[in-house]
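Down below is the structure, laid out as structure tokens.
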Amino acid sequence: MNKEKKAKKQAGKKQHIIEAGTRLIVQKGIDKTSLADIADEAGISKGSLYYYYASKNELIFDITEAHISQISENLFTIIEKSHGKTSWKDLLKILFERILAADTRGRLHLYLVQQALNDNEDLKERFRKTYQEWKNMISEGFAKLEPDITNHYVLSSLIIAALDGFLIQSLLKVDTITGDEFVSYLDVKIKK
């Protein structure tokens, strides 16, 4: 087998392991998910799993990377598809509704953030950088759509904090506001 084919096969196997690990973490949480559980879920031997991941932290790091990449790609796609033709309110409403509708992705996000806050400095640094990238991406999106607004960075920080908070409330089944209510209230505050 040539090197390119082998690398592609290994990447596919790692992706399969990441997906299995993600499913279990969403169901059971990080602490209650073992590498043996993940190997079983992936349909491979524990030895095969260790070939790809020597430790649970390595696997969690790759799960985090995949999770962050998916959220970032979704955010970037929402901003780019607008081509400056959609209002920031419509884009924000779409973002708000997509994040809150993704129960599985939201649960995974909170488990990973919890792990980063508890004892995993590598994940904590990864989330720091990612949140900074998200703030910059949203701020730049605002700057393109609403150049007259001067507080793009503050708005992006508030939006991310609100989305994290609403995500927690959604997972706890607390009655939350709608995307329309959130955007309308934010619009009133921006115009003041």
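Observations on the model:
- Spin-label model distance (nm) - LYS144 vs SER87, 7 Å beyond Cα toward Cβ: 1.9 nm
- Placing R0 at 22 angstrom, the Cβ-Cβ distance between ARG23 and LEU172 gives a FRET efficiency of 0.55 after rounding to 0.05.
- Cβ-derived FRET efficiency at R0 30 Å, TYR51 paired with GLN132, nearest 0.05: 0.30
- Within the chain, helices built from complete DSSP H runs that reach 15 Å or longer along their own axis (Cα positions) and carry a mean Kyte-Doolittle hydropathy of -1.0 or higher are 56-82, 88-101, 103-118, 152-171, 179-191.
- Distance between the pseudo-spin-label points of LEU110 and SER72 (7 Å out from Cα toward the beta carbon): 2.5 nm.
- Applying 1/(1 + (r/R0)^6) with r as the Cβ-Cβ distance of ASN118 and LEU158 and R0 = 35 angstrom yields a FRET efficiency of 0.85.
- What the Cα convex hull of the chain gives, in volume per residue, is 136 Å³.
- Short-range pairs are left out: with C-alpha atoms under 8 Å and at least six residues apart, the relative contact order of the chain is 20 percent.
Only the coordinates and a few stated rules stand behind these numbers; no lab work does. All of these numbers come straight from a predicted model, not from anything done at the bench. Please note: Cβ atoms are built from the backbone with ideal geometry, for glycine as well, and neighbour counts cover all protein chains shown.
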